[in-house]
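Notes to accompany the following structure.
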Amino acid sequence: MAITNFLYEILKISLVALTTYIVYYYYKYFTRENPLPGPFPLPFIGNTHQIFKNFAFNTGVLQSKYGDLCEYYMGSERFILLSNYDLIQKIMKPIVNGPFHNRVKDDNEGLKEIGVMNIGTVFNNDYNDWQYYRKFFTKVLMSPSFVKHSVTAINNSFSEIEQYWDKLGEDTVFEFNRWMNLYFFDIIFITTTSDPAYALLNYYNQITPNEKSPVPKGILTESDLFIKSVDAYGNSLVYFFQIPRIFRNFPGINRFTQHLKDRLNWLRITVDNIIKSKREEISKTPIDQKLKSDMLTMLLTVNTERDITERIADDLHDKPMSDKDVEANFVEAMAGGVETSSHSICFLVNYLENNPRVKKKMIEEIEHVLGKDLNSPFKLEDLTKLVYVDAVIKEVSRIHPIVTQSYKINSVPEVIGGYKWSKDTNFVLNYEVIQRSTSYWKDPETFNPDRFIDNPESKSKVFMFGGGMRMCPGRHLGMMGLKATLAMLYRKYDIELLGPCKEHLMQIRSCDELKVKLRKRKSLK
Ligand code: HEM
């Protein structure tokens, strides 16, 4: 009897707590500032059930139903979706210490849970700290020795992939998305560490019916798991930022949540080991011997007597970077560079193969710029000459972007869309919809790279690398990788698509399947 009474009391208290929460939730909803059109939210989950389906995440579609300025909820967090260029113009201005510096609020519980708040670059809300990481990151990526190192890495990786394609033969069905993922992984890994990851080699050995290639001893024996973990890291950023805790812990979904956490833990341990062996390598290098110019060496020696870059220490930052700081930057470089580049190449190939006129024009330019020798390495000076290739990349990114939207928070009250918004409002910049708007683009649904040749200024209205203070610091490396790869691929190969390009949307738009056959171009045989 006593137990029944106890359970009854618990039930009563729970019901009162639940009712209070629901009343409070809707009180906040109905008294919110500047009510906008948008789907009606549910307590605890908001509109998560309408936006996060089959482990894919798509808010962009809300614009067609609710207009250019609308709202949605994830749990009790409100997001303002901006889907026209005028609405985002103010936010995209690169103002030093400007009001739209941050992507997320300081107290984001999901990002805190996975330990990515205020460390590294992407979710660093401490302006001075962010500026320091960012300056260094940019300086490394733009330094001539790093750029040279990257050109070599791209050329070497392409020669390697070609050897495997040749050995597998022209009748092979290639999982092109997988090959490109591993190819860019090898490139970014070697540019950040100077050590080979052997991702392409390991994959070739897995699938070849022929004799396997010997695997030299490398620093990363588990490249496959490393790649999956970097992918999981990227997905975690949007997932833990946007999906409310209660939804993340639902039976069934909680397994996916745990999977992401496990991958992140594994990645951190592995990266820590890589950092430790790099520290050892640096300490064992005699003081009069030049250190390597990879990103990791540069980050680990910042503000030490072995600093190999121009000193950027100021009164606020004169300490060397800790392993934890370097770990964050290293993971961000891997996550920022590999997936974005490999999915971009897959969508580029898909568009080119479905638009023979564009492909023909692009190949003519490649042949003209790279010359007759099909095995000559790609050179840095070729980059600026590949004007049409550049336009093709911009056009695919306009019509089918990898990064479909980005997030910004205002640190002081701001007027957007004619409404005054309190500090800490979540704004979502809906690039995909803006880049297909008839207000700014003639025939926006038509794939037409010539629009950028006829009107070069319109390139600034494509947000492939975001905008404002937080614009992608890896954009030059990213563009170099895409241009060089397209040029080397199309000067030599005919590509046959064997089916549609399958994709899904999470933190970025990913190509999940692109099957192709690769043959040396007929005219070259
Ligand atoms: C085709 C390749 C790439 C694409 C499409 C791309 C796209 C983007 C976009 C859209 C942003 C968000 C900018 C914003 O919020 O306005 C971003 C940020 C970032 N990207 Fe990239 N990226 C690429 C390559 C790279 C590479 C190669 C690296 C590093 C090696 C990199 C590192 C980063 C980092 C660290 C940030 C955060 C910057 C900050 O918050 O200050 N990205 N990228």
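The values are calculated or read from the model by the stated rules, or taken from the named source; none is laboratory data. Here the structure is a predicted model, which is why all the values come from computation and not from measurement. As a convention, Cβ positions derive from the backbone with ideal geometry for all residues, glycine included, and neighbour counts pool all protein chains shown. Surface accessibility is based on the protein's heavy atoms, side chains included, excluding ligands, DNA and RNA. Shrake-Rupley method; radii C 1.70, N 1.55, O 1.52, S 1.80 Å.
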Screening Glu170, Glu175, Glu160 for residues that are open to solvent by 30 Å² or more (accessible area, probe 1.4 Å) and farther than 22 Å from Ile188 by Cα leaves only Glu170
Answer with yes or no whether Glu160 is within 22 Å of Met334 (Cα to Cα), among the charged types (D, E, K, R) and away from the ligand (no atom under 13 Å from the Cβ).
yes
Scan of the range 106-144 for residues that are open to solvent by 50 Å² or more (accessible area, probe 1.4 Å) and more than 15 Å from the ligand (Cβ to nearest atom), ordered by number:
Asp106, Asp107, Glu109, Lys112, Glu113, Pro144
Please enumerate the residues belonging to the range 316-338 that are near the ligand (Cβ under 9 Å from one of its atoms), under 20 Å from Asn265 (Cα atoms) and open to solvent by less than 30 Å² (accessible area, probe 1.4 Å).
Asn329, Glu332, Ala333, Met334, Ala335, Val338
Residues satisfying the stated conditions in the range 149-179, i.e. of a type in the set (Lys, Arg) and in contact with a Ser or Thr (Cβ under 8 Å, 6 or more places away or on another chain):
Lys167
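Here is a yes/no grid of residues against (1) away from the ligand (no atom under 13 Å from the Cβ); (2) out of contact with any helix residue (DSSP H, G or I) (no Cβ under 9 Å at 6 or more places or on another chain):
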position	(1), (2)
Asn426	yes, yes
Gln435	no, no
Trp441	yes, no
Glu445	yes, no
Ser460	yes, yes
Gly466	no, no
Lys492	yes, no
Could you tell me which of the residues Asp106, Asp129 is over 19 Å from the mean Cα position of the chain (by Cα), acidic (Asp, Glu) and part of a loop (DSSP other than H, G, I, E, B)?
Asp106
Which members of the range 484-501 meet the condition of being open to solvent by 20 Å² or more (accessible area, probe 1.4 Å) and within 25 Å of the chain's Cα centre (by Cα)?
Pro500, Cys501
Name the residue, out of Asp454, Asp443, Asp390, that is of a type in the set (D, E, K, R) and either assigned by the TED database to the domain that holds Asn97 or under 27 Å from the mean Cα position of the chain (by Cα) (or both).
Asp390
Single unsatisfied condition, Arg398 versus (1) among the charged types (D, E, K, R); (2) farther than 26 Å from Ile366 by Cβ; (3) open to solvent by less than 20 Å² (accessible area, probe 1.4 Å):
(2)
Picking from Lys228, Lys212, which residue would you name as being closer than 30 Å to Gly75 by Cα and either basic (Lys, Arg) or open to solvent by 40 Å² or more (accessible area, probe 1.4 Å) (or both)?
Lys228
Give the residues of the range 448-465 that are open to solvent by less than 20 Å² (accessible area, probe 1.4 Å) and assigned to a loop (DSSP other than H, G, I, E, B), sorted by residue number.
Pro449, Val462, Phe463
Can you find a residue that is modelled with pLDDT under 95, in the same structural domain as Arg475 (by the TED database) and within 30 Å of Val396 (Cα to Cα) anywhere in the range 289-301?
yes
Could you say which residue among Leu482, Leu489 is farther than 16 Å from Lys394 by Cβ and assigned to a helix (DSSP H, G or I)?
Leu489
Could you grab the pairs with beta carbons closer than 9 Å, sequence gap of 6+ or different chains, first residue in the range 469-481 and farther than 18 Å from Tyr133 by Cα, second one within 6 Å of the ligand (Cβ to nearest atom) and not in a helix (DSSP H, G or I)?
Gly478/Met464; Gly478/Phe465; Gly478/Cys472; Met479/Met464; Met479/Phe465
Tell me, yes or no, whether the range 509-523 has at least one residue that is part of a helix (DSSP H, G or I) and modelled with pLDDT under 95.
yes
